[in-house]
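The values are calculated or read from the model by the stated rules, or taken from the named source; none is laboratory data. All values derive from a computational prediction rather than experimental measurement. Note that each Cβ is placed from the backbone with ideal geometry, even for glycine, and that neighbours are counted across all protein chains shown. With ligands, DNA and RNA removed, areas are computed over all heavy atoms of the protein, side chains included. Shrake-Rupley method; radii C 1.70, N 1.55, O 1.52, S 1.80 Å.
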Amino acid sequence: MTDEIRRNMALFPIGIVMKLTDLTARQIRYYEQHELVIPARTGGNQRLYSFNDVERLLEIKDLIEKGVNIAGIKQVLLPVDKDSEDATILNEQTEVKRRELSDTQLHRILKQQLLGGGRRPNQVSLIQGELSRFFRK
DNA sequence: ATTCTTACA
DNA sequence: TGTAAGAA
């Protein structure tokens with residue numbers, strides 16, 4: 001799949017990503033500290049983001065706006081392991097893979113609930129509370 | 001001109 | 001999160 005390569009290809013610097021996502025450099029870097037996105041680096045240590053990274057940041061932005069904290073987002077968005085990012089998993093059809101699959105399904109459901117629009121502002125505070133309970137330990 | 005890291009009102 | 005400082 002050549003398309004995956006294209007999506008995970010690091011292309012733009014943080015300045016472009018800022019305009020694309022309407023996020024501040026501070027926020028973008030902050031989310032990186034929490035491993036919500038792992039951009040590539042140039043020889044000069046400059047961050048380079050891929051289309052996938054940008055889309056991910058948009059999802060994060062969406063959740064933040066809905067009042068979800070970093071802890072909650074970490075549960076909703078599947079963790080990005082430095083490897084499976086650019087090299088798609090065409091190997092390891094193993095045990096671990098099966099367990100992660102069920103986790104993935106769970107994440108999707110949760111993601112749908114949060115991402116699925118149309119929610120009352122009043123319910124935002126509830127989302128915070130609910131999530132903290134769901135993900136507590 | 002841009003971006004990076006670190007630190008703090 | 002914003003912003004400043006000093007170095008790439």
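Data for the structure
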item: Stokes-Einstein diffusion coefficient of the range A:1-77, Kirkwood radius over Cα pairs, 20 °C, 1.002 mPa s, in µm²/s; result: 168
item: Residues A:Arg6 and A:Arg26, FRET efficiency given R0 of 25 Å [Cβ-Cβ distance, rounded to 0.05]; result: 0.30
item: Net charge contributed by nearby residues that have their C-beta within less than 13 Å of A:Glu59 (K/R +1, D/E -1); result: +2
item: Rounded FRET efficiency, nearest 0.05, which uses the C-beta distance separating A:His107 from A:Ile70 and R0 of 22 Å; result: 0.90
item: Length released on extending from A:Ile16 to A:Glu35, taking residue separation times 0.36 nm less the Cα-Cα span; result: 4.8 nm
item: Solvent exposure, largest accessible area first (probe 1.4 Å, DNA, RNA and ligands not counted), of A:Glu55, A:Glu65; result: A:Glu65, A:Glu55
